[in-house]
Amino acid sequence: MKQALVTGASRGIGEAISLRLLEEGFKVTGTARISAFPKTLSEHDHFRGVHVDLSEPSDLQTKLKPLFENDCPDVLINNAGISTDADFSSSDEKWLNVWDRTIQVNLRSASLICKWFLNARDREKAEGIIINIASRAAYRGDTQEYAAYAASKGGMVAFTKSIARDFSRKGIVAFSIAPGFVDTDMAKEGVLVYGQDYLTQGSAFDQITPPSEIANMVAFLARGDVKHMSGSTFHINGGSYMI
């Protein structure tokens, strides 16, 4: 039975991905910072939950690194992320705090987890699949309040391409998925800043994307049927930004 690791699995996109992979017959290890895992996951025989704070490097070392040393997963999905506002009128202290924490959670932790995965799969001479959940903001940019978020996701896309260039020939492929607004708690936070209508502004649909669509794409990529698309980004944004 193949194994997958999904960060940020307790709700939203990560929860949908985890449930979909369980349906596909994967064993799934999911992470969360402090949130309880829903019963649909926690009571599943093939799900294991790990609480780890991705903003704390020591937590990564003690709680996640051993997963790659003992029984490395076949598929890695870096989904966890934060989006905190800080506009250009913010104090320098707030600005840097937001940038440092956003980059740590969204990019630095993901890069380290990818490094552990790549080294373990390469050491075992085994194939592997990395799927990094980026964002439409990596390509379109975002408003000034969420510049740090856009920058972190842009870095994730470039990092994913770098993995694909060097490791695909070894059988380890990497993809990015770039959602727009998705019907999650993070999107609800956007409503508080911009209003409900903003979420579908410019969309070809009258609703924001359900998490199940991102989960379906992850499940498709996790099957390993399109390895020669390694390095590609898959855009699921309701037609709000076509590329």
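Points to keep in mind about this one:
- Among the listed pairs 27/115; 39/125; 94/227; 27/153; 2/153, those beyond 31 Å (Cα-Cα): 39/125; 94/227
- Shown here for the stretch 45-131: chymotrypsin sites (Phe, Trp or Tyr not before Pro) in loop regions (DSSP other than H, G, I, E, B) with at most 13 other Cβ atoms within 10 Å, namely 88.
- Unit Cα scatterers, Debye sum, the stretch 49-165: log10 I(q)/I(0) for q = 0.17, 0.21, 0.24 Å⁻¹: -0.85, -1.15, -1.35
- The stretch 129-243, dipole about Cα centre (Lys/Arg Cβ +1, Asp/Glu Cβ -1), debye to the nearest 20: 740
- The simple spin-label model puts a point 7 Å past each Cα toward its Cβ; for residue 91 and residue 158 those points are separated by 3.1 nm.
- Over all other residues within a Cβ to Cβ distance under 13 Å of residue 95, the charged ones net out to -4, with Lys and Arg as +1 and Asp and Glu as -1.
- Using the Cβ-Cβ distance between residue 42 and residue 1 with R0 set to 22 Å, the FRET efficiency from 1/(1 + (r/R0)^6) comes to roughly 0.70.
- A simple charge model with +1 on the Cβ of Lys and Arg, -1 on the Cβ of Asp and Glu and nothing else charged puts the dipole of the stretch 56-140 at about 220 debye relative to its Cα centre.
- Dipole-positive endmost among 103, 137, 72 within the chain (Cβ charges, Cα centre): 72
- Dipole of the stretch 101-243 [Lys/Arg +1, Asp/Glu -1 at C-beta], most positive-end residue of 113, 177, 147: 113
- For the chain, the Kirkwood radius over C-alpha pairs fed into Stokes-Einstein at 4 °C and 1.567 mPa s yields D = 72 µm² per second.
- At full extension, residue 227 and residue 34 could sit 66.0 nm farther apart than now, given 0.36 nm per residue minus the alpha carbon distance.
- Aspartates and glutamates with Cα under 20 Å of residue 65, excluding same-chain neighbours fewer than 8 positions away: 53, 56, 74, 122, 124, 127
- Spatially, the stretch 119-188 and the stretch 37-83 are offset by 17 Å when compared through their Cα centroids.
- Working note: 222 nm ellipticity from helices only, DSSP H runs with n ≥ 4, each -39,500 (n - 2.57), summed and divided by the residues of the chain, gives -12000 deg cm²/dmol to the nearest 500.
- Test item: Cα-centred dipole of the chain, Lys/Arg +1 and Asp/Glu -1 on Cβ, debye: 900
- P(r) weight above 19 Å for the stretch 1-96, C-alpha pairs, percent: 44
- A straight chain from residue 58 to residue 119 at 0.36 nm per residue would run longer than the Cα-Cα distance by 20.0 nm.
All of the numbers you see were taken from the coordinates with simple rules; none came from a lab. Since the model is a prediction, treat every value here as computed from it, not as a measurement. Counting neighbours? That spans all protein chains shown, and the Cβs are built from the backbone with ideal geometry, glycine included.
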